[in-house]
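Okay, so here's the structure we're looking at.
None of the figures in this text is laboratory data; all of them are computed from the coordinates on show. None of these values were measured; they are calculated from a predicted model. Cβ sites come from the backbone with ideal geometry, for glycine too, and all protein chains shown count toward neighbours.
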Ligand SMILES: Nc1ncnc2c1ncn2[C@@H]1O[C@H](COP(=O)(O)OP(=O)(O)OP(=O)(O)O)[C@@H](O)[C@H]1O
Ligand SMILES: [Mg+2]
């Protein structure tokens, strides 16, 4: 497969100062690739929520971004505590966020659900005490929802 | 209505974006919870909040907000304002509380970027 664009961004867990930096960088890159506004926005939200979760909960992680003619593929891998019950974590309002996270205005338990809503496909794999993997596809062809 | 009108209505200070006051504002989203802003705000909205940390600016940038309006007389720190300048997000500050701020803007024709949350969905 020939990629229009592919790149990786490493994210350091606990580095709240930088929270969102990689996502803004990714958004800039996508804008230059002439991704439509709506797709750009959904991708930016997905990446930002993922970045915040790595910073909030994991030790370190990587966001891989690949853009093809018709899809945006985002894969997120982290080394960290993992998620014991994914179904529970996906529920609106469920959060184990610390005070530090809540002070920033986050930790309402909306993030994973927001990622799901903004993607066309989402798969989550997680292993406790190892890490979490998200595999996300956003189709570049807009469709009715 | 543009940012300059809002400055007048709310007796606000322009902290960043003196040159961007012609930006048109039609819709807004008020919240102190960035998780909700991210989940529910629509592009092109003014984000009204009492939070002043730098994360608010990054959230506004991700969402293509037209600007940030800080309520309750709070003034963000230098780092937050520098980030806003870098990301080109206008920042205003008003002494009115969130309720008064929203009410006054609504009375002048600005509406919520969503009216009700019917179904949680980020697509427009
Ligand atoms: N990468 C991760 N590693 C470990 N646990 C995670 C990870 N991502 C999410 N979780 C767990 O799932 C919960 C729900 O995550 P979600 O992103 O939906 O909400 P939140 O981060 O708590 O709040 P919000 O995203 O609304 O600010 C988290 O509180 C945390 O317990
Ligand atoms: Mg989250």
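Only residues that are in a loop (DSSP other than H, G, I, E, B) and either more than 9 Å from ligand 1 (Cβ to nearest atom) or away from every other protein chain (no Cβ under 14 Å) (or both) were counted in the range A:77-92, giving 6. Only residues that are exposed (fewer than 13 other Cβ atoms within 10 Å of the Cβ), assigned to a loop (DSSP other than H, G, I, E, B) and in contact (Cβ under 8 Å) with a residue 40 or more places away in the chain were counted across the range A:5-47, and they come to 2.
Quick one: which of A:105, A:111 is within 6 Å of ligand 1 (Cβ to nearest atom) and within 20 Å of residue A:18 (Cα to Cα)?
On the way: A:105 fails: within 6 Å of ligand 1 (Cβ to nearest atom).
That would be A:111, the only listed residue that is within 6 Å of ligand 1 (Cβ to nearest atom) and within 20 Å of residue A:18 (Cα to Cα).
Within the range A:109-145, the residues that satisfy the criterion of being free of Cβ contacts under 8 Å to residues at least 40 places away in the same chain, under 26 Å from residue A:30 (Cβ atoms), at the interface with chain B (Cβ under 9 Å from one of its Cβ atoms) and crowded, with 16+ Cβ neighbours inside 10 Å are A:110, A:113, A:117. On inspection, residue A:74 does not qualify as in a helix (DSSP H, G or I) and within 16 Å of ligand 1 (Cβ to nearest atom).
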